[in-house]
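A.B. asks: Could you have a look at this structure, given as structure tokens, before my questions?
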Amino acid sequence: MSAKILLLGSGELGKEFAISAKRLGCRVIAVDRYDDAPAMQVADGREVIDMLSGAALSRIVRRHKPDFIVPEIEAIRTSELLKLEKAGHSVVPSAFAAHMTMNRDAIRELAAKELGLRTARYAYAASAQALADAITRQGGVGLPCVVKPTMSSSGKGQSVVRTKKEIAKAWEYAVTNMRGARAVEIVEE
């Protein structure tokens, strides 16, 4: 009996994964937010859902009953993966790993606060004004700095801010290119 894999994210990397998994005899159900994504072209099945909807993720897991859930995309409701794993589903590599690596704020908090690792100064901002304050206030991050969405992929939405005039533009660029539903940015020295 071959393993059934629910591949959450069906881009080019997902397509390569699906090809390799099928060569090993696995059944692959490719899932993404749009139809005819690259992995869907080679998978055994496909689902088009809002990847940020925990309810939609749970629904397709119940429908397909996969042996393994493999998250491949950054814009996914990782909190739902944590619930699914706790309920006994196998998330590969793990729901915790997916949650940490797909959320810059989560990985930053783990490194800086829980593990006590030394990091660059940083702050979070949920508005253009909060971003400006985090950069310019006494003891803030200062200039130059890097502004990026807490969730994005392939460097989208990231910019280097060298002057106060560039702050509002950096905010807009990050929000326009973010993934996910939270307009929160991280600014780092």
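The values are calculated or read from the model by the stated rules, or taken from the named source; none is laboratory data. Being a predicted model, the structure only gives us computed values, none of them experimental. Neighbour counts are summed over all protein chains in view; Cβ atoms, including those assigned to glycine, are modelled from backbone coordinates with ideal geometry. Just the protein is used for accessible areas: all its heavy atoms, side chains included, with ligands, DNA and RNA removed. Shrake-Rupley method; radii C 1.70, N 1.55, O 1.52, S 1.80 Å.
A.B. asks: Could you check how much of the accessible area of segment 84-189 is carbon and sulfur, as a whole percent, using a 1.4 Å probe?
C.D. replies: 55 percent
A.B. asks: How far, in degrees from 0 to 90, does helix 54-64 lean away from the longest principal axis of the Cα atoms of the chain, to the nearest 10?
C.D. replies: Its long axis makes an angle of about 20 degrees.
A.B. asks: Follow-up. Please work out the FRET efficiency for the pair R137 and K83, using the Cβ-Cβ distance as r and a Förster radius of 41 Å; give the result to the nearest 0.05.
C.D. replies: Once the sixth-power term is evaluated, E becomes 0.60.
A.B. asks: Calculated FRET efficiency, A126 and D36, Cβ-Cβ r, R0 41 Å, to nearest 0.05?
C.D. replies: That gives a FRET efficiency of 0.70.
A.B. asks: Still on this model: Given Cα pairs under 8 Å that are at least 6 residues apart, what percent is the relative contact order of segment 72-179?
C.D. replies: 21 percent
A.B. asks: Where does the chain land on the Kirkwood hydrodynamic radius, alpha-carbon pairs, in angstrom?
C.D. replies: 17.8 Å
A.B. asks: Between L117 and V48, what's the calculated FRET efficiency when r is the beta-carbon distance and R0 is 35 Å? Round to 0.05.
C.D. replies: In this case the efficiency is close to 0.30.
A.B. asks: Now for a separate question. How about K169: which lysines have a C-alpha closer than 22 Å to its C-alpha, ignoring those fewer than 8 places off in the same chain?
C.D. replies: Within the straight-line limit of under 22 Å, K169 reaches these lysines: K148, K156.
A.B. asks: How many angstrom lie between the Cα centre of segment 113-163 and the Cα centre of segment 3-56?
C.D. replies: Answer, in whole Å: 34.
A.B. asks: With every protein chain present, what is the per residue accessible area of segment 94-166 (1.4 Å probe, Å²)?
C.D. replies: Per-residue value: 55 Å².
A.B. asks: Additional query: Sort segment 1-63 into rounded, prolate or oblate with this rule: let a ≥ b ≥ c be the square roots of the eigenvalues of the Cα gyration tensor; rounded if a/c is under 1.5, and if a/c is not under 1.5, prolate when a/b is larger than b/c, oblate otherwise.
C.D. replies: Cα axes put segment 1-63 in the oblate bin.
A.B. asks: Take every DSSP beta bridge with both residues inside the chain and express the antiparallel ones as a percent of the total, to the nearest 5.
C.D. replies: So the antiparallel bridges amount to about 45 percent of the total.
A.B. asks: About the Cα centre of segment 1-57, how large is the charge dipole given +1 on each Lys and Arg Cβ and -1 on each Asp and Glu Cβ? Please answer in debye to the nearest 20.
C.D. replies: It works out to roughly 300 debye.
A.B. asks: Compare T163, T176, T101 in a GNM of the chain, Cα atoms joined below 10 Å, and give the one with the largest fluctuation.
C.D. replies: T163
A.B. asks: Tell me the relative contact order for segment 1-150 as a rounded percent, counting alpha carbon contacts under 8 Å between residues six or more apart.
C.D. replies: Relative contact order of segment 1-150: 17 percent.
A.B. asks: Shifting gears a bit: Comparing K156, K113, K169, which has the greatest mean-square fluctuation in the GNM of the chain with Cα pairs linked when under 10 Å apart?
C.D. replies: Maximum fluctuation in the GNM of the chain, among the listed residues, is at K113.
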